[in-house]
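Below: the structure, in structure tokens.
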Amino acid sequence: MFARGLKRKCVGHEEDVEGALAGLKTVSSYSLQRQSLLDMSLVKLQLCHMLVEPNLCRSVLIANTVRQIQEEMTQDGTWRAVAPQAAGRAPLDRLVSTEILCRAAWEQEGAHPAPGLGNGHTQGPVSDLCPVTSAQAPRHPQSSVWEMDGPRENRGSFHKSLDQIFETLETKNPSCMEELFSDVDSPYYDLDTVLTGMMAAARPGPCEGLAGLAAATPGPSSSCKSDLGELDHVVEILVET
Amino acid sequence: MRDGGVSGPGPPRRRVRPQPRPSRSCPRVGAFGGASLQGSARRTPDHYGRPSAEGRGLGLRPPTPATLRSRPGVPSSPSPAAPGQGPGSAGAGALDAPGPPLHPAASRPVPPVACRPLPVPRRRRAMTVNRAGRRALGAILKREKIAPRRAGAAAAAAGAERSAVAARRRLPGLLRSPPSRAAAMAGAGGGGCPAGGNDFQWCFSQVKGAIDEDVAEADVISTVEFNYSGDLLATGDKGGRVVIFQREQENKSRPHSRGEYNVYSTFQSHEPEFDYLKSLEIEEKINKIRWLPQQNAAHFLLSTNDKTIKLWKISERDKRAEGYNLKDEDGRLRDPFRITALRVPILKPMDLMVEASPRRIFANAHTYHINSISVNSDHETYLSADDLRINLWHLEITDRSFNIVDIKPANMEELTEVITAAEFHPHQCNVFVYSSSKGTIRLCDMRSSALCDRHSKFFEEPEDPSSRSFFSEIISSISDVKFSHSGRYMMTRDYLSVKVWDLNMESRPVETHQVHEYLRSKLCSLYENDCIFDKFECCWNGSDSAIMTGSYNNFFRMFDRDTRRDVTLEASRESSKPRASLKPRKVCTGGKRKKDEISVDSLDFNKKILHTAWHPADNVIAVAATNNLYIFQDKIN
């Protein structure tokens, strides 16, 4: 009754995997376990859309776990640069979303972020898109998380995959972006909401896991405008009292 | 069950001075003898004639930045425990410890006003929302899964429409324990087998709390603490309430029983708040309670939730004055012209009444969630630690705190480590330690610099490469750090073990005790259901010869440092017979399961004992199991 976090029915699956691991100790089952752990961690990081502020310690520990897994995957070489195949894309998307989510999670907690009611619903893309699109930023937000530990090729792949995401972001919703750009007030944003929504809209196939969760949050960009309208209205009402 | 010392509904309390608004610290628990929960009658209004905001909890007084305050201190009545110390001169005490003067918080950027929670009026005004607005609001609330209030109030008020509020309207669960559950103390206790860990035998004494199957979230106990003498036992719960138990005097007619703990006082310490800017609710859950050493007849304790620390005064009143000249017995004013004779009021005894009143509110100093508070040995200052910062406060001054540790990186993306616990040294008022999520402990000396970002000692055990896994870092995160009473050792609790450190040796702990090593193979499942993030506490006994900590399935473990033996006991209703000895439990890790053993897979991970406390002198322990408080003591032979 007090079990926290997700209760997935793949507990049995986990144990099967561990059993296989114990029995065989083959590389594939280990990497399978590692991948499932990575997925689980990303899911946990995404579950920040609660009314009560998420626990910073927990988020940091999960993010460190994710980083550790990705380091290992780099060393193993299983984490490859952008591959054109759809199969190769799936893990990369998840990897990319990691630090976006990590950043978003921390900045939610740390940098006095988005009110649910604020009209600066997605200020994040403002600060991110400028460096990316101008392609001359000294500090790339997507790679700064990994600055300390990732080798050069990590950043390259990050750039590419993030570029892809931001491209789709731009092409799909130009009007939405304009509205966002127009309200540069303060760094309040709900980056992961929008981005997961965008990514879910852009790539429904491989990202089923993410999309399933993004659906729980007010993601899809189509409602972005109406959301902003609603929020403006509500803020007006609240402010006047 | 006797309400230990609280008056029943008697004659209405007479106020000495008429107050503009009745202020009570806990209006909801009115059934429990409302008189005991009203604020002190000597509540002084603030400069603007409003009753002191502290009596109403937070909110009536908007927070002003320290730089704008013109008057020293706070408009509350001065602490009675400080002889001759006004708010202005308060800095002369502990803060003049040898060393450079501490820089006030003004030099360290005060968190911008925007991030501070705005005042939440006690009575949330129903807003007039037009129909379109209400529809829009309803859509948003539904999306965020908040039940809207009927009165059509804002999303802020709607956040309170949770079962937590409904549960709080009832009495705290600890008060509702049926009388039969309190130990009768009569009859012989069971023999049982000798305890494995200690030379004496632990037996059941009392249990507090209801036995309902579905427990209200608000009744879950979140902290347990004995005071310095051990006569008072305070518990805080998730509903923001504090319940204090007092030990009865030993009864001559029952020489074999020690005093039992009965309810002494209860009050609502914290209320839920809503941070408008972040659109997040601030929980009222009491994270920690710390007692202050007693200096006069009243008792003081600090209680904290995620953002605000409050100093509460618990005082008794057992006399009242009778025979006023200007008022008659009902409290009505007499006409001065009709008084023919004068009399001197006399003090008459009355039923004991225990009042709790908030004396100080230390707010708006923490951006992150407060996880620890610790009173200094100088009895004038205390520290409060959140995830990234530690602040030093003076008990008299609420509008200023000094930041002494700040581990927030300039770039939040580089954050990899947070503070998990902090404590002052029990004897040296300039020394404190803080633990981190990476399994390290830093000892800092406040004399070395104003900002103790550079530690004086760094305690870390080198990692065992053979047992490295993905979860190594998570399970090394320290959830609690406690100094021994002697001040020579400190104890840290990580997920699977308890370690005792000698302050003079930083390289490794002097003792490591495994709490539930059988969970090491289950870490993946525990990560999945989030149990791996549980924060267990640990405690020393009065003589520092034994340590205790909790585990799952309502088990708790005790380790005797001298005899090197340990025992696992269970806090359950089954072993709740009066003076029944606790049977040691065992978890079987694999292979054949012997009789009376429990297999790892049948452990109940929802029943976790996170909070335990040990009496400072006697062998009496208090164990919090979800919503129940168990009190055990050793058998007197």
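The values are calculated or read from the model by the stated rules, or taken from the named source; none is laboratory data. Keep in mind the model is a prediction, meaning the values are calculated, not measured. Backbone-built Cβ (ideal geometry, glycine too); neighbour counts: all protein chains shown.
Listed residues B:T568, B:T612; which is under 12 Å from B:N553 (Cα atoms), among the hydroxyl-bearing types (S, T, Y) and assigned to a strand (DSSP E or B)? Can you show your working first?
Working: B:T612 fails: under 12 Å from B:N553 (Cα atoms).
None of the other options fit; the residue is B:T568.
Only residues that are away from chain A (no Cβ under 14 Å), crowded, with 18+ Cβ neighbours inside 10 Å and among the basic types (K, R): list them for the range B:488-532, please.
If the condition is that a residue be away from chain A (no Cβ under 14 Å), crowded, with 18+ Cβ neighbours inside 10 Å and among the basic types (K, R), then B:R493, B:K499 are the ones that fit.
Scan the range B:408-431 and give yes if some residue there is surrounded by fewer than 23 Cβ atoms within 10 Å (Cβ to Cβ), out of contact with any helix residue (DSSP H, G or I) (no Cβ under 6 Å at 6 or more places or on another chain), within 14 Å of chain A (Cβ to nearest Cβ) and closer than 25 Å to B:R360 by Cα, otherwise no.
Within the range B:408-431, none of the residues are surrounded by fewer than 23 Cβ atoms within 10 Å (Cβ to Cβ), out of contact with any helix residue (DSSP H, G or I) (no Cβ under 6 Å at 6 or more places or on another chain), within 14 Å of chain A (Cβ to nearest Cβ) and closer than 25 Å to B:R360 by Cα.
Taking the range B:412-433 on its own, how many of its residues are at pLDDT 95 or above, more than 14 Å from B:R493 (Cβ to Cβ) and touching a Cys at 6+ places or on another chain (Cβ under 8 Å)?
Total satisfying the criteria: 3.
Can you list residue pairs whose Cβ atoms sit under 6 Å apart, with the first residue in the range B:477-491 being farther than 23 Å from A:L56 by Cβ and the second being among the aromatic types (F, W, Y) and crowded, with 21+ Cβ neighbours inside 10 Å? Count only pairs 6 or more apart in sequence or on different chains.
Qualifying pairs under 6 Å: B:S484/B:W540; B:M490/B:F483; B:M490/B:W501.
Pairs please, first residue from the range B:591-607 and of a type in the set (S, T, Y), second anywhere and surrounded by 11 or more Cβ atoms within 10 Å (Cβ to Cβ) and at pLDDT below 90, Cβ atoms under 7 Å, 6+ apart in sequence or on different chains.
Close Cβ pairs satisfying both conditions: B:S599/B:C588; B:S599/B:R593.
Which ones in the range B:583-630 are closer than 12 Å to B:E570 by Cα, crowded, with 23+ Cβ neighbours inside 10 Å, more than 14 Å from every other protein chain (Cβ to nearest Cβ) and not aromatic (F, W, Y)?
Correct list: B:V623 only.
Within the range B:388-406, how many residues turn out to be touching a Ser or Thr at 6+ places or on another chain (Cβ under 8 Å) and under 24 Å from A:P54 (Cα atoms)?
4
How about the range B:271-285: which of its residues are in a loop (DSSP other than H, G, I, E, B), within 14 Å of another protein chain (Cβ to nearest Cβ) and not small (G, A, S)? Walk me through how you get there before you give the answer.
Going through the range B:271-285, the residues in a loop (DSSP other than H, G, I, E, B) turn out to be B:271-272, B:276-279, B:283-285.
From the residues that got through so far, the ones that are within 14 Å of another protein chain (Cβ to nearest Cβ) too are B:272, B:276-279, B:283-285.
Scanning the range B:271-285 gives B:P272, B:Y276, B:L277, B:K278, B:E283, B:E284, B:K285.
Counting only residues that are more than 23 Å from the chain's Cα centre (by Cα) and either surrounded by 18 or more Cβ atoms within 10 Å (Cβ to Cβ) or over 20 Å from B:V620 (Cβ atoms) (or both), how many does the range B:533-545 have? Let's see the steps before the verdict.
Within the range B:533-545, the first condition is being more than 23 Å from the chain's Cα centre (by Cα), and the residues that meet it are B:543, B:545.
Subsequent filtering for residues that are either surrounded by 18 or more Cβ atoms within 10 Å (Cβ to Cβ) or over 20 Å from B:V620 (Cβ atoms) (or both) retains none.
The qualifying residues number 0.
Checking the conditions here, which among B:D562, B:D618 is assigned to a loop (DSSP other than H, G, I, E, B), acidic (D, E), in contact (Cβ under 8 Å) with a residue 60 or more places away in the chain and farther than 22 Å from B:I532 by Cβ? Please lay out each step first, then the result.
Details: B:D562 fails: in contact (Cβ under 8 Å) with a residue 60 or more places away in the chain.
Step by step, each of B:D562, B:D618 is checked, and only B:D618 is assigned to a loop (DSSP other than H, G, I, E, B), acidic (D, E), in contact (Cβ under 8 Å) with a residue 60 or more places away in the chain and farther than 22 Å from B:I532 by Cβ.
If you check B:H394, B:H366, which single one turns out to be surrounded by 17 or more Cβ atoms within 10 Å (Cβ to Cβ), under 27 Å from B:S476 (Cβ atoms) and out of contact with any Gly (no Cβ under 6 Å at 6 or more places or on another chain)? If you could, list the steps in order and put the result at the bottom.
On the way: B:H394 fails: under 27 Å from B:S476 (Cβ atoms).
Criteria check complete, one pass: B:H366.
Being of a type in the set (F, W, Y), surrounded by 11 or more Cβ atoms within 10 Å (Cβ to Cβ) and over 30 Å from B:L302 (Cβ atoms): is that true of B:Y324 here?
Values: of a type in the set (F, W, Y): yes; surrounded by 11 or more Cβ atoms within 10 Å (Cβ to Cβ): yes; over 30 Å from B:L302 (Cβ atoms): yes.
Here the answer is yes, as B:Y324 does meet what is asked.
Just for the range A:68-92: of the residues that are modelled with pLDDT of 85 or more and more than 8 Å from chain B (Cβ to nearest Cβ), which one is farthest from B:K307 (Cα to Cα)?
A:Q75
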